[in-house]
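Data block below; observations after.
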Amino acid sequence: MAKKKPKQAKAKAAAKKPARKAAKPAAAKKANGNGLPKPSSKPYGQAGRALDGLRILDFTHVQSGPTCTQLLAYMGADVIKVERPGAGDITRGQLRDVPNADSLYFTMLNGSKRSITIDSKHPKGMDILNRLIKTCDVLVENFAPGALDRMGLTWDYVHKLNPRMIVASVKGFGPGPYEDCKVYENVAQCAGGAASTTGFREGPPLVTGAQIGDSGTGLHLALGIVSALFQRNRTGRGQKVLCAMQDGVLNLARVKLRDQQRIEKGPLTEYSQYGEGVPFGKAVPRAGNDSGGGQPGWILKCRGWESDPDAYVYFITQAPVWQAICDVIGEPTWKTDPNYATPKARLPHLKKIFARIEDWTMTKTKFEVMEICNAVDIPVGPILSMKEIAEEPSLRKTGTVVEVDHPIRGKYLSVGNPIKLSDSISEVKRSPLLGEHTDEVLKDVLGFKANEIAEIKNSGALSAPKKEDKAA
Ligand code: COA
């Protein structure tokens, strides 16, 4: 512990200190002693947005990277998406539903961003990128392994230009035997352990509709970026952030790695396979609709299931509400019957129990089941179709589903910010047209004058290489 200086010595030391600089920045003047500014007196939601002032050089394409930068844009970052002239992000034209309009694949992943077209393989294009690197805080990319380096934008190069720059990448795999592979969503779901544990025991491995490989990794990357920004406040320097899709999927499938270690010690008693007397193998099996936790659950038919593919409910036989379940389904004797009264006693009978509960759920709609069960704290979840989600008023109200207007395609739905901050209100803007903000970025961000912009345009750095250039 440092010794306390006597009063006189303190005074002498103070006299030796150089005179304070005249003016202090406003934020520092308001500092509270802990380095933070005084709490804002503005009403919540009116003190700007969480990432205001942050500028991102967005080199992402397809889904994983764009999910990350869209989220950061929702949080207030100025995201400048660099796209290849003439073509842009390949998803602009993929799965098109409206002729000549950017696809929903693109529009739903690139809201609230600006778009500039730059040919990174043109010398003048590289000049502009260099300037952007100097002015941005984060470079985000998800090119195939080595593509950024081939552009000349190696970590050493970028870091020399801007030591504060954070360079964030999504790759399919981390360092190792597969590091050079190109990877898409389902490859990651398979390589991350999710597919081998999804589906029914007697069927093949299954991928899930939730994009845990792409959007899941984008989310991981966003957390890596804000953490690196926080550390930069102390160190003053940027760092590399790498999220491998295999790692991201495994992180989301960690309960299955838990089960892999348990299976070596004995059967997984909460899997219905155990109750059915089917022996376990060496690896975690597919568990159908078994719950991933300690409370048995299953998907059950509801009224109308014969014609409505989504007339189902997920029903959890949570131990503390077993008595209520027995009452609701009309089996009060199961409360005390030794075959059903305790969670352990129930395990070998789960199939029979769920069949009995289903006899009851089939007499109700999924929403009636929800209403009756929620009233007595039985956890259930209706299987909501995407149609029902799109039309759900409460999701519109919270901004989780938003309607955006686009000059070419018209109105479309997007998923807003699923993370709600009470003092940083997300604004979801439509996705940009290809190169829509090229002039704006050159002028406002990089300070080019009109004649310089015209010169850059004439150089061909912002337009697609002509056919004869390509052929050469
Ligand atoms: N100007 C000029 N060239 C540009 C450019 C620009 N503005 N933007 C991109 N390019 C070029 C790159 O330099 C690269 O060229 P090169 O291969 O000659 O070096 C090329 O476009 C991009 O290539 P790549 O990333 O390989 O695209 P792809 O369509 O062949 O592969 C993926 C797509 C998704 C498979 C691949 O990018 C990948 O594996 N990414 C990492 C994992 C990932 O994110 N996957 C999920 C996607 S949702």
message = Quick check: residue separation of residue 202 and residue 367 times 0.36 nm, minus the Cα distance between them. What number comes out in nm?
response = 56.3 nm
message = Students often get this wrong: which residues of region 374-407 have the backbone nitrogen under 16 Å from the point 7 angstrom along Cα-to-C-beta of residue 308?
response = 381-393
note = Diffing region 114-130: the Karplus 3J(HN,Hα) column from phi (6.51, -1.76, 1.60, θ = phi - 60°), in whole Hz with x for Gly and Pro, holds 10, 10, 10, 9, 9, 8, 6, 9, 9, x, 5, x, 5, 4, 5, 4, 4
ask   = Taking θ as phi - 60°, what are the ³J(HN,Hα) couplings along region 400-407 by the Karplus curve (6.51, -1.76, 1.60), each to the nearest whole Hz, with x for Gly and Pro?
value = 6, 10, 10, 9, 10, 9, 10, x
request  = State, to one decimal in nm, how far the label point of residue 257 lies from the label point of residue 443, with both points 7 Å from Cα in the Cβ direction.
outcome  = 5.1 nm
remark   = On the formula 1/(1 + (r/R0)^6), with r taken between the Cβ atoms of residue 234 and residue 182 and R0 of 41 Å, the FRET efficiency rounded to 0.05 is 0.70
ask   = Okay, which of region 204-220 sit inside 15 Å, backbone N to the point 7 Å along the Cα-Cβ direction of residue 276?
value = 204-205
For peptides 399-411, 81-93, sequence by mean Cβ density within 10 Å, most packed first = 81-93, 399-411
Backbone HN-Hα couplings from phi across region 313-322 [Karplus 6.51/-1.76/1.60, Hz, Gly and Pro as x] = 9, 8, 10, 10, 8, 5, 3, x, 10, 4
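Highest first, please rank the peptides 453-462, 244-253 by the mean number of other Cβ atoms sitting within 10 Å of their residues.
On the way: 453-462: 16.3, 244-253: 22.0.
The packing order, highest mean first, is 244-253, 453-462.
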message = Greater than 18 Å separation of Cα atoms is the criterion. Which listed pairs, 301/366; 42/113; 121/240; 81/134; 160/457; 256/344, meet it?
response = 42/113; 121/240; 160/457; 256/344
note = Asserting the computed 222 nm helical MRE of the chain (DSSP H runs at least 4 long, -39500 (n - 2.57) per run, divided by residue count, to nearest 500) equals -9500 deg cm²/dmol
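How would you classify the chain from its alpha-carbon gyration tensor, with a ≥ b ≥ c the square roots of the eigenvalues: rounded for a/c under 1.5, else prolate if a/b is greater than b/c, otherwise oblate?
prolate
Gain in length, residue 390 to residue 164, computed as 0.36 nm per residue apart minus the alpha-carbon separation, to one decimal in nm? Walk me through the numbers before you get to the answer.
Numbers: separation 226, 0.36 × 226 = 81.36 nm, distance 4.15 nm.
Contour length minus the Cα-Cα distance gives 77.2 nm.
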message = Students often check this: by mean Cβ neighbours within 10 Å, which of 110-121, 206-217, 387-398 ranks highest, and how do the rest follow?
response = 110-121, 206-217, 387-398
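Can you give the charge dipole size of the chain about its Cα centre, rounded to the nearest 20 debye, using +1 on the beta carbon of Lys and Arg and -1 on the beta carbon of Asp and Glu? Intermediate values should be presented prior to the final figure.
Details: 68 positive and 50 negative charges, 781 e Å.
Around 3740 debye, computed over the chain.
The numbers here are math on the coordinates, done by the rules we state, and not lab data. What you see is a predicted model; the values in this text were computed from it and never measured. Because the Cβ atoms are built from the backbone with ideal geometry, glycine has one as well, and the counts that use them run over all protein chains shown.
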